[in-house]
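Data block below; observations after.
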4 protein chains.
Amino acid sequence: MKLPVGILGATGAVGQRFIQLLENHPWFEVTEVAASDRSAGKTYAEACTWRLPGAPPEAVARLTVQTTDGPFRSRLLFSGLDSSVAGEVESALAAKDHAVVSNSRNHRMDADVPLLIPEVNSEHLEAVAVQQRRTGGGYIITNPNCSVVGLALALAPLHKAFGLASVHVVTLQALSGAGYPGVSSMDVADNVVPYIGGGEEEKIESEPRKILGGFANGAFVPAPFGISASVHRVAVSDGHTMAAFVRLVQPVSAADAMEALASFRGEPQERSLPTAPARPIHVLKGNDRPQPRLDRDRENGMAVSVGRVRADRDGGLKLEALVHNTIRGAAGAAILNGELLRARGLLA
Amino acid sequence: MKLPVGILGATGAVGQRFIQLLENHPWFEVTEVAASDRSAGKTYAEACTWRLPGAPPEAVARLTVQTTDGPFRSRLLFSGLDSSVAGEVESALAAKDHAVVSNSRNHRMDADVPLLIPEVNSEHLEAVAVQQRRTGGGYIITNPNCSVVGLALALAPLHKAFGLASVHVVTLQALSGAGYPGVSSMDVADNVVPYIGGGEEEKIESEPRKILGGFANGAFVPAPFGISASVHRVAVSDGHTMAAFVRLVQPVSAADAMEALASFRGEPQERSLPTAPARPIHVLKGNDRPQPRLDRDRENGMAVSVGRVRADRDGGLKLEALVHNTIRGAAGAAILNGELLRARGLLA
Amino acid sequence: MKLPVGILGATGAVGQRFIQLLENHPWFEVTEVAASDRSAGKTYAEACTWRLPGAPPEAVARLTVQTTDGPFRSRLLFSGLDSSVAGEVESALAAKDHAVVSNSRNHRMDADVPLLIPEVNSEHLEAVAVQQRRTGGGYIITNPNCSVVGLALALAPLHKAFGLASVHVVTLQALSGAGYPGVSSMDVADNVVPYIGGGEEEKIESEPRKILGGFANGAFVPAPFGISASVHRVAVSDGHTMAAFVRLVQPVSAADAMEALASFRGEPQERSLPTAPARPIHVLKGNDRPQPRLDRDRENGMAVSVGRVRADRDGGLKLEALVHNTIRGAAGAAILNGELLRARGLLA
Amino acid sequence: MKLPVGILGATGAVGQRFIQLLENHPWFEVTEVAASDRSAGKTYAEACTWRLPGAPPEAVARLTVQTTDGPFRSRLLFSGLDSSVAGEVESALAAKDHAVVSNSRNHRMDADVPLLIPEVNSEHLEAVAVQQRRTGGGYIITNPNCSVVGLALALAPLHKAFGLASVHVVTLQALSGAGYPGVSSMDVADNVVPYIGGGEEEKIESEPRKILGGFANGAFVPAPFGISASVHRVAVSDGHTMAAFVRLVQPVSAADAMEALASFRGEPQERSLPTAPARPIHVLKGNDRPQPRLDRDRENGMAVSVGRVRADRDGGLKLEALVHNTIRGAAGAAILNGELLRARGLLA
């Protein structure tokens, strides 16, 4: 018996990924789709210009799009809403007893909302109880910014084993990260844009500290290291590449760092969640890897690839990380969060 | 009366740029072209598959290609030779009284060979006299790696004014940097490659320290700061983008840094050398600049663009620099070096 | 003494090209710039996000943008207006005695408006007198669709010498043809789009027949051959490539066709108009030419390149044509039209 | 019990696709891999730089590469050999009783070698018996050029139902069609190349006529229509797009043509061969389809997509066809051919 779920922002870029990834999901079944007033009342097939390969699943194509006001029969709602509306809509639905699993940025840094990467900080789910005291039963959980998922996953084993002192990171981000129509083709043809709006650098500099920090006495305690980010848009369809310089409290060899990365596992692997990658981090040996076109789809896009782990000056490390930004970095991240909620009994 | 010059490696990617940039040059005239044995004896038009827009200049197209053994009538020889042969060929020609102005990497770090950016370290030309004592009259001068020209120019005013403590830099390098055929299209289609062979990172980590260092008591003294580099190939035709994190001995505001960069001038500007840009560094204000397609051709490709100068944590700076890799970063750099030699009377 | 001119739609993609190409023009000086109400009242520098390399000319940057209602002091107005507004605005200005030289599609097929390629059909300017009888003195002249300029120029010498029977043409069109933001990067990343809206195929199938036809007894008489077009958007910044299959009334060898193309000249060449290419058609010999990146800028983007002229079955020809779509195919085309008007005394 | 098969040219681009597509194949198991002398003696993992996403299958990675001289235990050999060696090697192996299923061009037009698209001309397998009389038991069958598979599949239903009179086709071909390293990135960056070597246009103009022709009295009889082709390389990783103008003996509406295309089935569908697409031709309704990135992977890359079917002048049709060039257009085509051989009992 599958659990019915609703998709908020179902016709958008992230919404389409939710629907694609949930086709044939063993636990969840998309039975409700919501979007803006402009789409409401149409079938999903009519309302949506499907921009992923192929065509939308038949069962969803026939659903009638409703507005995000609800009511929804599904307790679990996945949100791919635009940040211009996500804040209020998600709060309202949490107040109506829904479990809102959101990819939007609005509530990520809220004082009682988990910013969750299940392999890294599943203990942050304790904040749900705090939140429920406020709402009466509903709650919001969020996944990080698309780059941050890749960065924080790659940093987590190093932080646990050796302690992070500081991180400098430069991103080369894919076009799909901007949604549709997103970036003008004139801006990336034969070009690189050294800027991404919407506070991208600020998110990369703050979210990992919440994720890698603790939850104690009812409050999040950010991890004590600093991050500097410099972001770029490049002409790649999917897959964010990140070049990081990592300084550690305890100097470490490249070999030990690779061992810590490769052996990293978390609660999704222990529980064998349906969307969990067998190995959350693939450590690649080739000196020219990871590459977006060749590595973004590892484990159905749910594994982060790390390569070129090498010694930096002064005992630091240099490394490259790659994340499929619309799967592990967005819709897939949220689905894994939803799976963890169910496995923990938080959807009962 | 123009000075006759010869081009070594004339049919290659850098050689073609030399010939293109020297068309209608006010001081120099290409009268000799040399390449591998395979090309020797043919006209330049026959020997060369011209890969720049348009067609080679008529006067050069008619020249007969000779081998790099010489003899050459021109004292001044510009070298775009492949590093597999440049080392010996250039040494042999310096021993025959030629002034070899080379873009190749082989002699850059030699103990008595200037690694020259005329705006930055023209005092390193003192090493020529040391070299001449060894050779009897001929000598070699070199320009830096294509990325390094951009990086060292952007760092020079900051180092002079505030003192560099350390630099982390990530490059997004253009395809033309690899010559022809260079990078396979299959490797960059919808992709980024986080690696460049030939010791690219090592060059970026070492050459700027020679350039920004001194020459005292007949020896080069490297500048005392460390550089960490992480390099990438991206699908851009021309123009290397660099994201740098700069730590300074003396903390500085972004405004003061921009002022130091924008007001920077050197000997080429004082002497009004023909190829010198009016302003070696263009400080761009737009928050999404510099961009390769829009900014690489500033001042005929001889100006370096710097943008997004902003405060980093702990009193450091973040900035983006862009250099046209085959003009300011290669052939144009060497031509400017040649102009400085003439202006200094070193070609007499 | 330069003639003052105004630019309609000055902040748009075509408007920016007008301003770029008219910098330092020997006959014309941009003294008025007009755009939408949103921009009016600001300086051009404030109103315009300049998307061409470098920065807008200083003299224009200081101009205050006015609305397209006028009044304008310049008799000659170049129009790069969007087709959603060009129809009415241009008619109104022609009614106020202006000579409107438009790149917009709205009036191209009007019964008394020349659709002009000065090398091909300058005799169509006779229609101006017809038009002036209607307006009282003002008039509109237009240049063709960006692809059509290249196609019609390549076909004109063949039609004159041998007579066209039919043409099949497939286009591979550049991104800049769609303006800004134009095509979403998600639509062309690792992709080709076999469609262009706005009636692109219909324009290619109809405009050349007007251009290559006659003007007799006060009316245009379309040329009697048929054209079939199939259009594509490809990931190229500038330069439309066209593959044509041409059937001729009188069979012709590839050599004779190439001779007719290469020797083609028209009134702009006879009159040495400032923007006229010395040779309107460059016939390229390399079996892999023309190519957008290598050939679009020939003669400052005003020459059309034709290559791979070869025999087709049944006495026909196959050939490739390339046009710089925003120069010869848009702003440069209009400027050349304006120059012809002045040389003919039609701006007095 | 799976049939053991060998792969000739196993380390090349097509060889890698064979190995990828045969992983978990229900009928065939790769047990032998052959390549050049340079690779022989190494394990496949050592000999091969895997350029497809992920890594080669474990079972194949462990195999030792042998030379193409044999001996081979497998009767069935799939050949992805380079055309410089395929001619002789394949003939020699057919003479040794092997069934060689080749993707190489060398034997495609031989008088007794089927050029096979199983949905279209499976009756051409009668030529195998003719061939076996010559060889004593072994034989060669071939699949067409990568573009031709898509074109001939799209034309077959139209030819059967309405009779083809003539075809003009322009291709926009993907980079992977040139193998590795194939096309230099400098040749396609911001560019289109209107030429492909190796007789690409000639193949497209001749192979479909053999495929759509008959086999009678022991000889192939080409179909009586003419084809004109004009080929281009574009910056797309996988997927050849073709724009065709089709003239038919019997004029036809677009609707009837689409019906003929969409309902087309052949022997692979009747026999439910493992690699056969359920529908060989997907007729797409969107006016901007097919597109390589969105449609090349339909039915695991084995379906050809056809769109924009519309009336041309004079009763003809215009249409766009898309084929995944390294799957349906190469390795997948050969595997389907091999499956048909087994189903027909030709591997006994």
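The values are calculated or read from the model by the stated rules, or taken from the named source; none is laboratory data. Values in this document were obtained by computation on a predicted structure and should not be read as measured data. Cβ sites come from the backbone with ideal geometry, for glycine too, and all protein chains shown count toward neighbours.
Here are a few things to note about the model shown:
- Against the numbered list (1) touching a residue at least 40 places away in the same chain (Cβ under 8 Å); (2) under 30 Å from residue B:167 (Cα atoms), residue A:328 comes up short only at (2).
- The residues of the stretch A:1-15 that are within 20 Å of the chain's Cα centre (by Cα) and assigned to a strand (DSSP E or B), listed by number, are A:5, A:6, A:7, A:8.
- Selection from the stretch A:312-338 of residues that are under 14 Å from the mean Cα position of the chain (by Cα) and among the charged types (D, E, K, R): A:328
- Pick from the stretch D:208-234, criterion in contact (Cβ under 8 Å) with a residue 40 or more places away in the chain and assigned to a helix (DSSP H, G or I), ranking: nearest to the other protein chains (Cβ to nearest Cβ): D:208
- Residue match in the stretch C:135-150 (condition: farther than 30 Å from residue C:312 by Cβ and in a helix (DSSP H, G or I)): yes
- Filtered by the rule that a residue be touching a Pro at 6+ places or on another chain (Cβ under 9 Å) and among the small types (Gly, Ala, Ser), the stretch C:248-261 gives C:257, C:260.
- Residue in the stretch A:265-276 that is more than 17 Å from the chain's Cα centre (by Cα), buried (at least 22 other Cβ atoms within 10 Å of the Cβ) and either over 25 Å from residue A:175 (Cα atoms) or within 14 Å of chain B (Cβ to nearest Cβ) (or both) present: no
- Residue list for the stretch A:89-109, filter: part of a helix (DSSP H, G or I) and either under 19 Å from the mean Cα position of the chain (by Cα) or within 17 Å of residue A:15 (Cβ to Cβ) (or both): A:89, A:90, A:93
- Residue count, the stretch B:29-59 (criterion: over 23 Å from residue B:176 (Cβ atoms) and under 23 Å from the mean Cα position of the chain (by Cα)): 3
- Among the conditions (1) at the interface with chain D (Cβ under 9 Å from one of its Cβ atoms); (2) of a type in the set (D, E, K, R); (3) part of a strand (DSSP E or B), residue C:205 misses just one, which is (3).
- Some residue of the stretch D:118-126 being under 25 Å from residue D:14 (Cα atoms), small (Gly, Ala, Ser) and crowded, with 22+ Cβ neighbours inside 10 Å: no
- Every pair of residues 6+ apart whose Cβ atoms lie under 8 Å, when the first sits in the stretch C:293-309 and is in contact (Cβ under 8 Å) with a residue 40 or more places away in the chain and farther than 21 Å from residue B:293 by Cα while the second is surrounded by fewer than 23 Cβ atoms within 10 Å (Cβ to Cβ) and of a type in the set (D, E, K, R): C:309/C:318
- Some residue of the stretch D:158-167 being assigned to a helix (DSSP H, G or I), more than 14 Å from chain B (Cβ to nearest Cβ) and either small (Gly, Ala, Ser) or within 26 Å of residue D:15 (Cβ to Cβ) (or both): yes
- Restricting the stretch B:10-58 to residues that are among the small types (Gly, Ala, Ser) and over 23 Å from residue B:300 (Cα atoms) leaves a set whose member that is surrounded by the fewest Cβ atoms within 10 Å (Cβ to Cβ) is B:41.
- So residue D:256, is it assigned to a helix (DSSP H, G or I) and out of contact with any Asp or Glu (no Cβ under 6 Å at 6 or more places or on another chain): yes
- Residue A:180 satisfies every condition listed in (1) surrounded by fewer than 24 Cβ atoms within 10 Å (Cβ to Cβ); (2) in a loop (DSSP other than H, G, I, E, B); (3) of a type outside the set (Asp, Glu); (4) more than 14 Å from chain C (Cβ to nearest Cβ) except (4).
- Yes/no for residue C:192 being farther than 27 Å from residue C:117 by Cβ and more than 10 Å from chain A (Cβ to nearest Cβ): yes
- The one condition in (1) surrounded by fewer than 22 Cβ atoms within 10 Å (Cβ to Cβ); (2) closer than 30 Å to residue C:180 by Cα that residue C:285 fails to fulfil: (2)
- So residue B:113, is it touching a strand residue (DSSP E or B) at 6+ places or on another chain (Cβ under 6 Å) and assigned to a strand (DSSP E or B): no
- Here the condition is being at pLDDT 95 or above, away from every other protein chain (no Cβ under 14 Å) and farther than 23 Å from residue C:329 by Cα; of C:100, C:65, C:89, it holds for C:65 alone.
- Boolean, residue C:78 is touching a Pro at 6+ places or on another chain (Cβ under 9 Å), modelled with pLDDT of 95 or more and aromatic (Phe, Trp, Tyr): no
- Residue match in the stretch C:235-254 (condition: away from chain D (no Cβ under 12 Å), charged (D, E, K, R) and surrounded by fewer than 23 Cβ atoms within 10 Å (Cβ to Cβ)): no
- If only residues of the stretch B:282-311 that are closer than 18 Å to residue B:171 by Cβ and facing chain A (nearest Cβ under 9 Å) are counted, the one that is nearest to the chain's Cα centre (by Cα) is B:292.
- Condition check for residue C:279: assigned to a loop (DSSP other than H, G, I, E, B), within 14 Å of chain D (Cβ to nearest Cβ), out of contact with any Pro (no Cβ under 7 Å at 6 or more places or on another chain) and modelled with pLDDT of 95 or more: no
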